[in-house]
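The values are calculated or read from the model by the stated rules, or taken from the named source; none is laboratory data. No experiment lies behind these values; they were computed from the predicted model shown. With ideal geometry, Cβ positions are generated from the backbone for all residues, glycine too; neighbour counts draw on all protein chains shown. The accessibility values were calculated without ligands, DNA or RNA, using every heavy atom of the protein model including side chains. Shrake-Rupley method; radii C 1.70, N 1.55, O 1.52, S 1.80 Å.
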Amino acid sequence: MTAAATGLQADVLIEQEQTGGDRGRPVRRRRLPRKTVMWQIVLYVVLAALAVVYIYPFLVQVATSFKTNDAAAVDPVSLIPSPFTWAAYEQLFLRSDFPTWFANSAIVTILVTLGRVFFNSLAGYALARLRFRGRGIVFAALVAVMAVPTVVLLIPKFLVINQLGMYDSYAGMVLPLLVDAAGVFIMKNFFESIPASVEEQARIDGAGTFRIFWSVVLPMARPALITIVILSFQGSWNELSHFVISTQSPELTTLTKGVASLASGQLSQGSQYPIKLAAAAIMTIPVAVVFFIFQRRIMNASEGAVKE
């Protein structure tokens, strides 16, 4: 058997596998019109250009963090550090309070994220399943709070924190952030999408309300919980205004307050572009890691769905 015959036989087998057997007809690829192909090429070029526009500032940020102050001032948008140096990172970690800032942000963010996941899900389940007097008023107040700008609440929040004796402490930094209206709203809507019939069997077996919530409904709300985790982590990690009004001690400074103070020339003279951008680059790493870990799960909105 010649090589040409062998190749022809292999092509026939491939066509049969693609069409489901010997009786299938050969698969013919439809050629798109030239106009459609040109529009697709234009679309991809536009999307690539937009991607470069959005990614380029981040690349400049990372590249500048490895430059000297003089090189960053002379050519701030260059992507090639010349000379390459770790001086900005050494100054941040060895000759500043940056490790303390990072530790404070990590502690507050972890506590706030755990608290929001628990309390937002509890409040959302109560509004979705429990029937009590004033339920509609509570939900209306929740929506109203979502419409109020955050800056309007800063002074009342400061007065409450100071009156309760929590000013300049971890309690004043964490407790006011443990619940947010948007998280409760998300959890309420997700719990309402779960059929109530899934709870009937547990209720027949004698399970109480919290037991049903914890063991039956909450595991089904994994996509919503992951959404709350990402939003809570990002929001508390990047929070600035609340920490400005709740603390004043240097020992309780968070990353956002510390990086903001670099603009006033706290560490050295000059523009300090490498130091500022090095701190900003480090700040983006935890949020990016959390997002990339949970992004596949947050997209799986159908997980936990139950058919009646």
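For region 197-238, a residue qualifies if it is loosely packed, with under 14 Cβ neighbours inside 10 Å, farther than 21 Å from residue 183 by Cβ and of a type in the set (A, V, I, L, M, F, W, C), and exactly one does: 204. Of all residues in region 166-194, those that are farther than 18 Å from residue 155 by Cα have Cβ atoms under 6 Å from Cβ atoms of residues that are surrounded by 17 or more Cβ atoms within 10 Å (Cβ to Cβ) and of a type in the set (Lys, Arg), 6 or more apart or on another chain, in 183/116.
Pick from region 144-190 the residues that are of a type in the set (Val, Ile, Thr) and assigned to a loop (DSSP other than H, G, I, E, B): which of them is surrounded by the most Cβ atoms within 10 Å (Cβ to Cβ)? Result: 179. Here residue 207 meets each of (1) among the small types (Gly, Ala, Ser); (2) assigned to a helix (DSSP H, G or I); (3) free of Cβ contacts under 8 Å to residues at least 40 places away in the same chain with one exception, condition (2). Scanning for something open to solvent by 80 Å² or more (accessible area, probe 1.4 Å), outside any helix (DSSP H, G or I) and over 30 Å from residue 244 (Cα atoms), does region 37-60 turn up at least one residue? Checking region 37-60: not a single residue is open to solvent by 80 Å² or more (accessible area, probe 1.4 Å), outside any helix (DSSP H, G or I) and over 30 Å from residue 244 (Cα atoms). The lone criterion from (1) surrounded by 12 or more Cβ atoms within 10 Å (Cβ to Cβ); (2) modelled with pLDDT under 90; (3) not in a helix (DSSP H, G or I) left unmet by residue 308 is number (1).
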